[in-house]
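The values are calculated or read from the model by the stated rules, or taken from the named source; none is laboratory data. These numbers come from a predicted model, not from an experiment. Glycine gets a Cβ as well: all are built from the backbone with ideal geometry, and neighbour counts include every protein chain shown.
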Amino acid sequence: SEASLITLTTKKIITKVVLFFTFLLSYSNKLKMSNANKNKMIMCDRLQKMTHFNKHEIEQLFDKFQCMCKLTIKDKPGKMDRLMFRDFIQNDFNMTDDILMDRVFKAYDLDNDSYISVEEWIKGLSVTLKGGLEEKIKHVFDVYDLNADGYISREEMFQMLKQCLVKQPTEEDPDEGIKDLVELALKKLDLDHDSKLSFKDFHDSISEEPLLLEAFGPCLPDEKVNKMFQEGLKEAVGNSR
């Protein structure tokens with residue numbers, strides 16, 4: 001009948017429309033994936049020239065970052081907030097000092113927007129894991145300079161040492177012991193004797209005695225943790241090929 005014919009024609013039209021929009025959606029998703037992969041390749045090439053990682057390591061770090069940021073807040077997609085970063089350095093680098101973890105976050109956050117992008121994360125890891133002494137001196141100084149005024153003051157040294165030293169229950173006044181340590185540190189590191197550490201003081205002292213690099217608390221992964229992280233990265237690269 002005519003009514004049946006109209007119904008059949010309408011169904012065919014609806015089917016074609018659905019198929020068309022399904023195709024458009026599929027094409028749009030493929031285009032987005034293609035653009036995302038292209039942007040990833042461009043970023044990897046750029047970071048390879050700026051960091052100590054090779055292209056395959058950067059790709060794996062990119063994927064790890066994306067995986068960690070799946071639950072990121074909606075207004076900053078693909079970025080790591082302070083809490084996520086603290087979870088990362090606690091779990092992967094065994095860092096636990098609240099003050100220093102916040103300062104490491106600031107050292108990674110190059111554009112000071114209170115979030116860490118994948119590029120900032122990979123650049124930070126390059127220094128943290130594979131950086132030379134010069135890079136690490138700059139990184140550690142920036143971490144220890146708690147108020148970012150270009151100096152490590154007596155008060156900042158006291159605050160960091162108090163945070164990282166274990167209090168002895170039998171000690172009557174632990175603050176006095178920490179003050180003594182601050183004076184010893186100044187005697188050793190304050191080359192121009194102005195009662196605070198400039199970057200030059202810190203740089204020149206650590207260049208002479210690298211073992212003093214983390215004198216005011218750990219802000220780099222120790223050798224064992226560093227090795228484990230890099231071995232895990234190499235294994236991930238090998239499995240992806």
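When the criteria are applied in full, Phe216 meets the requirement of being outside any helix (DSSP H, G or I) and surrounded by 11 or more Cβ atoms within 10 Å (Cβ to Cβ). When you check Met33 against the structure, is it assigned to a helix (DSSP H, G or I) and modelled with pLDDT of 70 or more, yes or no? Judged against the criteria, Met33 is not a match. On the given criteria, is Glu119 part of a helix (DSSP H, G or I), free of Cβ contacts under 8 Å to residues at least 24 places away in the same chain and either not polar (S, T, N, Q) or not assigned by TED's automatic domain parsing to the domain that holds Ile58 (or both)? Considered against the rule, which asks whether it is part of a helix (DSSP H, G or I), free of Cβ contacts under 8 Å to residues at least 24 places away in the same chain and either not polar (S, T, N, Q) or not assigned by TED's automatic domain parsing to the domain that holds Ile58 (or both), Glu119 comes out as no. Taking the numbered list (1) surrounded by 14 or more Cβ atoms within 10 Å (Cβ to Cβ); (2) closer than 30 Å to Phe65 by Cα; (3) at pLDDT 90 or above in turn, Asp222 passes all entries but (1). Of all residues in the range 229-241, those that are among the hydrophobic types (A, V, I, L, M, F, W, C) and within 17 Å of the chain's Cα centre (by Cα) total 2.
Note on the range 122-161: residues that are assigned to a helix (DSSP H, G or I) and more than 30 Å from Lys179 (Cα to Cα) total 8.
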